[in-house]
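Enquirer: Mind looking over this structure? Questions follow.
The values are calculated or read from the model by the stated rules, or taken from the named source; none is laboratory data. Just so you know, these numbers come straight off a predicted model, no measurement behind them. Cβ atoms come from the backbone with ideal geometry, glycine included; neighbour counts cover every protein chain shown. Ligands, DNA and RNA are stripped out before the accessible areas are found, and what is left, the full protein with its side chains, is counted by its heavy atoms. Shrake-Rupley method; radii C 1.70, N 1.55, O 1.52, S 1.80 Å.
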Amino acid sequence: SDRHILEIRIMAYGSGQQLLIARDITRVRQLEGMRKEFVANVSHELKTPLTVLQGYLEMMQSMAEPDSPNVRAMDQMLQQTTRMRSMVEQLLALSRIEDASDVDLEVKVSMSQMMDILRDEALALAQDQYEVSFYCEPGLDLYGNELLVRSACSNLISNAIRYTEPGGNIEISWRKVASGGLFSVKDNGEGVAPQHIGRLTERFYRVDSARSRQSGGTGLGLAIAKHALSHHQSELNIMSQLGKGSTFSFVIPANLVEFTKQELA
Ligand code: ADP
């Protein structure tokens with residue numbers, strides 16, 4: 001249709017005056033929509049060929065002579081194919097999350113159950129090489145989409161492990177605060193320099209892309225977290241010091257949180 005989308009801003013201007021700025025963002029929104037659709041289609045189309053490749057490579061690998069140069073080459077091919085598949089899957093997840101206009105914020109999510117799952121995931125990733133501590137406030141639940149919140153949390157946890165040397169500490173917690181429920185992941189890993197912090201949630205933005213790639217990162221984890229949280233009226237907070245460590249956290253606002261005070265047994 002020929003409807004236009006206007007972005008209107010009202011700003012304080014001089015003493016007691018206001019300035020109104022209207023911008024026609026119809027075209028910007030159209031292009032954004034095309035970009036999203038394109039990415040979603042390409043990712044979807046790439047999924048099948050990659051799955052086929054991976055299947056044949058696995059088969060060939062199992063039939064090859066052990067220790068032959070072929071096996072090493074096949075290992076590499078399989079690794080890269082698997083990486084490509086996880087990128088494609090993450091891209092699809094991101095476009096689904098971006099477009100989710102119908103996130104139901106009336107579904108109760110049991111946080112003690114979610115934290116159990118996250119703990120298992122964290123311990124599996126940490127493989128006894130990290131000191132992982134866990135706290136879950138009893139009786140503190142939220143309303144929203146379980147999968148979205150969980151994917152935000154698990155991306156923060158896998159990053160904390162990925163960007164911390166073995167032997168490091170990871171503290172994961174969900175607790176009640178005045179403004180709602182606070183989820184936080186603290187690590188004492190490599191940290192991020194201040195000039196990068198504001199850009200970490202952009203798609204494919206990485207401080208050190210070689211390192212991120214090597215450790216299995218796709219560059220999409222924080223973009224996914226940001227969008228998943230925005231559906232829950234929440235934002236990602238990043239505090240970090242280069243060489244010292246980082247804390248990634250978010251607050252689910254009080255209107256989406258329920259606190260049932262636990263009776264002492
Ligand atoms: P990736 O797959 O590269 O980890 P993310 O979107 O999850 O993609 O993260 C983007 C970038 O943010 C990472 O490449 C890394 O440079 C930085 N980063 C994320 N989490 C941490 C962390 N806990 N400590 C240090 N750097 C981090």
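Enquirer: Of the residues Gly168, Gly180, which is modelled with pLDDT of 95 or more, open to solvent by less than 10 Å² (accessible area, probe 1.4 Å) and in contact with a Pro (Cβ under 7 Å, 6 or more places away or on another chain)?
Expert: Just one listed residue meets the conditions, Gly180.
Enquirer: Then there is this: Any residue in the stretch 88-109 that's of a type in the set (D, E, K, R): show its pairings with residues that are open to solvent by 40 Å² or more (accessible area, probe 1.4 Å) at Cβ separation under 8 Å, as long as the two are six or more apart or on different chains.
Expert: Close Cβ pairs (under 8 Å, with a partner that is open to solvent by 40 Å² or more (accessible area, probe 1.4 Å)) amount to Glu89/Lys47; Glu98/Lys36; Glu98/His227; Asp99/Lys36; Asp104/Asn145; Glu106/Tyr143; Lys108/Tyr143; Lys108/Glu258.
Enquirer: Kindly evaluate Arg83 against the criterion of being open to solvent by less than 90 Å² (accessible area, probe 1.4 Å), of a type in the set (Lys, Arg) and out of contact with any strand residue (DSSP E or B) (no Cβ under 9 Å at 6 or more places or on another chain).
Expert: Yes, satisfied.
Enquirer: Go through the stretch 179-217 and report how many residues are touching a strand residue (DSSP E or B) at 6+ places or on another chain (Cβ under 6 Å), near the ligand (Cβ under 7 Å from one of its atoms) and not in a loop (DSSP other than H, G, I, E, B).
Expert: Number of matching residues: 1.
Enquirer: Give me the pairs: first residue in the stretch 8-27 and among the aromatic types (Phe, Trp, Tyr), second residue assigned to a strand (DSSP E or B), beta-carbon distance under 9 Å, and six or more apart or on different chains, which are they?
Expert: Tyr13/Leu19
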